[in-house]
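To start, the structure under review is shown below, and the notes come after it.
The values are calculated or read from the model by the stated rules, or taken from the named source; none is laboratory data. Everything quoted here is computed from the prediction, not taken from an experiment. When we count neighbours, we look across all protein chains shown, and the Cβ atoms used for this are built from the backbone with ideal geometry, even at glycine. Heads up: the accessible areas ignore ligands, DNA and RNA and are worked out on the full protein's heavy atoms, side chains in. Shrake-Rupley method; radii C 1.70, N 1.55, O 1.52, S 1.80 Å.
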Amino acid sequence: MIVLLGVVVVILGFVTRRNPVLVVGVAGIVTGLLGRMDPLEVLAAFGRSFADSRSVTVYAIVLPVIGLLERYGLREQARTLIGRLGRLSAGRFLTVYLLVRQVTAAFGLNSIGGPAQTVRPLVAPMAEAAAERSTGAKLPDRLREKVRSYSASADTVGVFFGEDCFIAIGSILLITGFVNSTYHQDIEPTQLALWAIPLAVCAFLVHGARLLLMDRQLEREMALAAAEHDLPLPEGADK
């Protein structure tokens, strides 16, 4: 029972608001030492756990890479690229990204996008640049945050409704396993994946429409902001 003192370390660490990674690491070391493991065995256990769950801990490698790319101008290059596309507004760009995200998720490629590795360094800056180009003025902070939230929603909605069209995704296997074992049914993952396709199409139409309506909302709010501060109307805004 003395090995369970590692749980006490976790509780005390979270109560005192210490760094979660440090708390879990110390708890693991304490548990290993109390379990009569030598330091090398504890270190080997950490290494095995990291290797076995690398899909979860891969962020520890990905985030520093993204930080370096942003430091050397990734966001600026993304904004420059989107600014060269004359007719592409923020809503149209995010609608295309929503479609790409759904299609890739339907083939099981969930990890090629995400809020940390794609939305923040690439998608959101490109959407902001498209919005500023289409409205003809610099976005205020409130509207900038709105564009960023829509960028994150395009990624989330796309992967959420697209991944269920892939038969080997965890949610499909969980549903089929639970229904077959509990209610004695004979449901195949392919059946659920096929029924998920109409739902994914509906999700794309609904959220795609919301993304396209965002362009008009931005133009209207920019016009109202210009009127309140007695500024010239942004180019293309409705008078």
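Structural remarks
- Listed by first and then second residue, the pairs linking a residue in region 201-215 that is on the phi > 0 side of the Ramachandran plot to a residue that is among the aliphatic types (A, V, I, L, M), with Cβ atoms under 7 Å apart and 6 or more places separating them unless they lie on different chains, form an empty list.
- Residue count, region 12-26 (criterion: surrounded by 12 or more Cβ atoms within 10 Å (Cβ to Cβ) and part of a helix (DSSP H, G or I)): 7
- Of the criteria (1) over 23 Å from Ala200 (Cα atoms); (2) open to solvent by 10 Å² or more (accessible area, probe 1.4 Å), which one Leu139 fails: (2)
- Qualifying residue in region 175-186 (condition: in a loop (DSSP other than H, G, I, E, B) and on the phi > 0 side of the Ramachandran plot): yes
- Counted residues, region 172-212 - those being out of contact with any Phe, Trp or Tyr (no Cβ under 9 Å at 6 or more places or on another chain), under 30 Å from Glu132 (Cβ atoms), open to solvent by 90 Å² or more (accessible area, probe 1.4 Å) and not β-branched (Val, Ile, Thr): 1
To keep it simple, each residue is scored yes or no on (1) open to solvent by 20 Å² or more (accessible area, probe 1.4 Å); (2) touching an Asp or Glu at 6+ places or on another chain (Cβ under 7 Å).
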{"position": "Ser89", "(1), (2)": "no, yes"}
{"position": "Leu109", "(1), (2)": "yes, no"}
{"position": "Pro115", "(1), (2)": "yes, yes"}
{"position": "Pro125", "(1), (2)": "no, no"}
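- Considering region 142-167, the residues that are surrounded by fewer than 19 Cβ atoms within 10 Å (Cβ to Cβ) and either among the β-branched types (Val, Ile, Thr) or in contact with a Cys (Cβ under 8 Å, 6 or more places away or on another chain) (or both) include one that is farthest from Leu212 (Cα to Cα), namely Ile167.
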